[in-house]
1. Show which aspartates and glutamates lie in cross-link reach of LYS149 when reach means a straight Cα distance below 18 angstrom and same-chain residues fewer than eight apart are skipped.
2. Please determine, in degrees from 0 to 90 and to the nearest 10, the orientation of helix 31-53 with respect to the longest principal axis defined by the Cα atoms of the chain, where the helix direction is its Cα long axis.
3. Fewest to most neighbouring Cβ within 10 Å: what's the order for MET109, MET29, MET9?
4. Explain nothing, just the number: dipole magnitude of segment 37-135 about its Cα centre with +1 on each Lys and Arg Cβ and -1 on each Asp and Glu Cβ, in debye rounded to the nearest 20.
5. Here are some values of Kirkwood radius over Cα pairs in Å: [x] 15.5; [y] 20.0; [z] 16.0. Which one was computed from this structure?
6. Can you grab the distance from the C-alpha centre of segment 23-45 to the C-alpha centre of segment 64-139, Å, no decimals?
7. Which of the lysines could a cross-linker span from LYS150 if the Cα-Cα distance has to be under 25 Å and same-chain partners fewer than 8 positions apart are dropped?
8. Would you list which lysines come within 28 Å of LYS81, measuring only between C-alpha atoms, while excluding same-chain residues fewer than 8 positions from it?
Amino acid sequence: MLGSIILIMIFGFITGSLARLAVPGPDPMPIWLTVAIGLAGSAGGGAVALAIWGRGTQAVGLFSFLGAILLVVAYRRLVQKRPLTGPDAMKFPERGIGIDRFQDRRRKMEDLLRHTQGTPDASDADANLRKLSDLHDAGVLTDEEFETKKAQLQGRA
């Protein structure tokens with residue numbers, strides 16, 4: 001039973017992912033939404049194929065995929081309010097499910113990247129200034145060296 005549910009979820013994810021790839025442009029969305037689009041598209045498209053040709057038709061797979069594509073198109077037009085073609089279709093969406101979380105993660109990664117590239121923020125400058133002051137108090141740095149390094153730190157901060 002649990003294995004069947006997991007297998008259905010995997011097929012929903014694959015169908016939803018392929019439908020997202022079929023529509024040009026970025027579509028950041030959570031995994032659960034990709035699975036839901038795949039499952040709902042499969043159910044809807046499969047039902048249409050069965051209604052037209054009956055049981056045993058080979059069109060169920062194709063119509064399932066087309067149903068998922070139609071759901072991605074509807075999501076883009078109705079939720080994200082973006083066109084399907086043209087230059088605006090390739091722009092990153094400003095609204096939609098999961099966009100805020102994606103932008104927060106992106107901002108954190110950019111901050112981490114800046115931090116690892118040596119771009120100090122105010123707290124780093126304060127910590128380095130305290131270290132300089134400790135070295136000056138211990139007699140490791142002369143007054144002139146301390147003032148020069150302090151000016152460099154304050155100029156970067």
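Bear in mind that the values in this text are calculations on the coordinates, not laboratory data. Remember, predicted model here, so these are calculated numbers, not experimental data. All Cβ positions, even for glycine, are placed from backbone atoms using ideal geometry, and neighbour counts span all protein chains on display.
1. ASP121, ASP124, ASP126, ASP134, ASP137
2. 10
3. Values: MET109 10, MET29 22, MET9 15.
Arranged by neighbour count, lowest to highest, MET109, MET29, MET9 become MET109, MET9, MET29.
4. Computed about the Cα centre, the dipole is about 480 debye.
5. [y]
6. Taking the Cα centre of each part, segment 23-45 and segment 64-139 sit 23 Å apart.
7. In chain and number order, the partners are LYS131.
8. Those lysines meeting the cut-off are LYS91, LYS108.
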